[in-house]
1. Report the Cα centroid-to-centroid distance between the stretch 10-24 and the stretch 100-126 in angstrom, as an integer.
2. State, as an integer percentage, the relative contact order of the stretch 276-369 based on alpha-carbon contacts under 8 Å between residues 6 or more apart.
3. Springs between alpha-carbon atoms under 10 Å, Gaussian network over the chain: tell me which of SER173, SER311, SER24 tops the mean-square fluctuations.
4. Report the relative contact order of the stretch 1-108, percent, no decimals, based on alpha-carbon pairs under 8 angstrom and at least 6 residues apart.
5. Lysines within cross-link reach of LYS278: Cα-Cα under 17 Å, excluding same-chain residues under 8 positions apart?
6. In what sequence, highest mean first, do 234-242, 191-199 appear when ranked by Cβ atoms within 10 angstrom?
7. Can you sort MET178, MET163, MET361 so the residue with the fewest Cβ neighbours within 10 Å comes first?
8. Distance in nm between label sites at SER24 and ALA81, each 7 Å beyond Cα in the beta-carbon direction?
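No value in this document is a laboratory result; all are computed from the given coordinates. Predicted model, so just to flag it, every value in this text is computed and none were measured. Cβ placement follows ideal geometry from the backbone for every residue including glycine, while neighbour counts extend to all protein chains displayed.
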Amino acid sequence: MKTLSDYRRIVIKIGSALLVDRDSGRLRDAWLAALADDIEGLVRQGAQVLIVSSGAIALGRTVMQMPNRALRLDESQAAAAIGQIELGRAYSEILGRRDIKVGQVLLTLGDTEERRRYLNARSTIKTMLELGAVPIVNENDTVATSEIRYGDNDRLAARVATMMEADCLILLSDIDGMYTAPPNDNPDAEFIPVIDRITPEIEAMAGAAGSELSRGGMKTKVDAGKIATSAGTSMVIASGKRYHPVKAIQEGARCTWFIAHETPVNARKAWISGHIEKHGTITIDDGASRALKSGKSLLPAGIRKVEGAFSRGDAIGINDLNGQEIGLGLAAYDHDDARRIAGRNSREIEEILGYAGRAEMIHRDDLVLREM
């Protein structure tokens, strides 16, 4: 088993029931400060940290003193818009005291399902991490409806983790892990410390573990585990009720680990290799071919011909000068822009296209070579 110090990119999901006091409807400032200490510790160890946080609607209804009943859709959206300001301010202030910058990212289902929006969101968050900021991610409840929403932040956190190729996802919950049955209902329920694979039997064990402040239960956590581990991201369910919940995981507190058997990069390459339809082809010179075989990315300078009508993020075949396909990869440019920069130095891209794009036509993490 790895420890948290072994992971380099970690997503932490925080539910409303942990962040917002059930009786007063106010932010649990002392708890959040303790969590901020944990995040500071991870950052000091060299990890990149992303937070997927609920709480906006709960905070918004408190600020506006909204009625204590199920809110209409428009009321929930308004509460979310108001609460996001409070939530962002809290994270900015508390992490700012620890010299950690934050940025807010609001996503909808389409942002992680539609290719171009997915790529744009991934690029934005990646740049934030490279700048040393901690992204605070939440579903954009101000515009989401029941037809176009995740509905819970467990699965959203899993999609964010896989999108960003995180190697660990932490679901902080009001329960300390997975049991053979809901422990509140069954005194004979047995704790499961490690889940090597999510089988139908494991799925059948998932029971409700939510509250009136949170939309998720154990089923959504197991669903999140399936999303995460299939993409090479290990996941842990741990209690968030205690102060310093992440530090507690590091110190061996009870929790359930879902094991990923691939790294995020290897899992991504397997997905590219086996499940993507080609939308075009590029032909590369011998120098570029040798560079790819040595583990490098494909630069525009090595491209001799571009064929097909593909968009950024589409899979395209890679041929050598003999017309033999040597690999498959995800294009960083649309076909028109790819034709314009083919054979040119990466330093010329901005002058040719009018914007500063990526230096690579296909990044090595988005590339699979055929066995020859």
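1. Between the Cα centre of the stretch 10-24 and that of the stretch 100-126, the gap is 22 Å.
2. 33 percent
3. Between SER173, SER311, SER24, it is SER24 that shows the largest mean-square fluctuation.
4. Working: 120 pairs, mean separation 29.2, N = 108.
Value for the stretch 1-108: 27 percent.
5. The qualifying lysines are LYS269, LYS305.
6. 234-242, 191-199
7. MET163, MET178, MET361
8. 2.8 nm
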